[in-house]
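Undergrad: Take this structure, written in structure tokens, and hold onto it; I'll ask about it next.
The values are calculated or read from the model by the stated rules, or taken from the named source; none is laboratory data. The structure presented is a predicted model; accordingly, all values stated were derived computationally and were not measured. When we count neighbours, we look across all protein chains shown, and the Cβ atoms used for this are built from the backbone with ideal geometry, even at glycine. SASA here: full protein model, heavy atoms, side chains in, ligands and nucleic acids out. Shrake-Rupley method; radii C 1.70, N 1.55, O 1.52, S 1.80 Å.
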Amino acid sequence: MKLFTTTESPLGDLLLVGDTTTLLSLSMPGTRGATPPRDDWHHAPEAFTEAVAQLHEYFEGRRTHFDLAYRADGTAFQQRVWAEIDKIPYGTTTTYGALADHLDIPRGQVRALGAAIGANPLLLIRPCHRVIGADGTLRGYAAGIERKVALLTHEGALQPMLTP
């Protein structure tokens, strides 16, 4: 049986889905490919106490790494890409090209790399927001570029934008 809860964040409500021991997905409103709670899921905030606490610590600036049990189903290629994304340190970014080079993915398969990153069901927990274009542009993010900007700014990888 799948369990779920929601928690507030500066990016909007976060939807956490899992079972009694493992986080399976974390999404935000409007996230591309996110599944809203289904009728056969059980609302169980108590199952996500630690995950919610760590998320709040992250947004309060007191946590730079998540220490949670999680599992995401995906192809062997996706799992390989996601494992590498897990290694990107807080406050830093890497490029699609650098990630492809590190994984020995030929340049002709960089689109597949991007698709694997975009299929990440554990937004925030698995930091796909830290992958940017070679020219520094903030390429796609399943939850929207505005949220990618907010996350990278929060982590200090981007400078805050000044408004007149």
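Undergrad: What are the extents of the Cα atoms of the chain along their three principal axes, listed from largest to smallest and rounded to whole Å?
TA: On the principal axes, the chain reaches 45, 43, 26 Å in Cα extent.
Undergrad: Let me ask something else. Excluding Glu60 itself, calculate the net charge of residues whose Cβ lies under 15 Å from the Cβ of Glu60, where each Lys or Arg counts +1 and each Asp or Glu counts -1. Don't jump to the answer; show the numbers that get you there.
TA: Working: positive: Arg62, Arg63; negative: Glu8, Glu57, Glu155.
Net local charge, Glu60 excluded: -1.
Undergrad: Using only the alpha-carbon atoms of the stretch 27-97, report the extent along each of the three principal axes, biggest first, to the nearest angstrom.
TA: Principal-axis extents of the Cα atoms in the stretch 27-97, largest first: 41, 33, 24 Å.
Undergrad: When the Karplus curve 6.51 cos²θ - 1.76 cosθ + 1.60 is applied with θ = phi - 60°, which whole-Hz ³J(HN,Hα) does each residue of the stretch 13-21 get, with x for Gly and Pro?
TA: 5, 9, 9, 10, 10, x, 10, 5, 10
Undergrad: Quote the accessible area belonging to Glu57 in square angstrom, nearest 10, computed with a 1.4 Å probe and with ligands, DNA and RNA left uncounted.
TA: 50
Undergrad: Which percent, nearest 5, of DSSP beta bridges in the stretch 14-164 are antiparallel? Walk me through the numbers before you get to the answer.
TA: Numbers: 4 of 8 bridges.
Restricted to the stretch 14-164, the bridges split so that about 50 percent are antiparallel.
Undergrad: Just by accessible area at a 1.4 angstrom probe, what is the order of Met28, Met1 from largest to smallest? Provide the component values of the computation, followed by the final result.
TA: Values: Met28 5, Met1 165 Å².
If we order Met28, Met1 from most to least accessible, we get Met1, Met28.
Undergrad: Let me check something: with ligands and nucleic acids excluded, how do Asp86, Asp39, Asp104 order by accessible area (1.4 Å probe), largest to smallest?
TA: Numbers: Asp86 55, Asp39 160, Asp104 130 Å².
Reading off the accessible areas and sorting them downward yields Asp39, Asp104, Asp86.
Undergrad: Rank these residues by their accessible area, most exposed first, probe 1.4 Å: Thr153, Thr75, Thr21. Present the calculation step by step, with values, prior to reporting the outcome.
TA: Numbers: Thr153 40, Thr75 75, Thr21 100 Å².
Heavy-atom accessible area, descending, gives Thr21, Thr75, Thr153.
Undergrad: Pull up all non-local amide H partners of Thr95: gap of 5 or more, or a different chain, and H-to-H distance under 5 Å with H placed in the peptide plane.
TA: Residues meeting the criterion, in which the H sits 1.01 Å from N, are Ile132.
Undergrad: Which value in Å is the Kirkwood Rh of the stretch 70-164 over different Cα pairs?
TA: Details: mean 1/r = 0.0734 Å⁻¹.
Hydrodynamic radius (Kirkwood, Cα pairs) of the stretch 70-164 is 13.6 Å.
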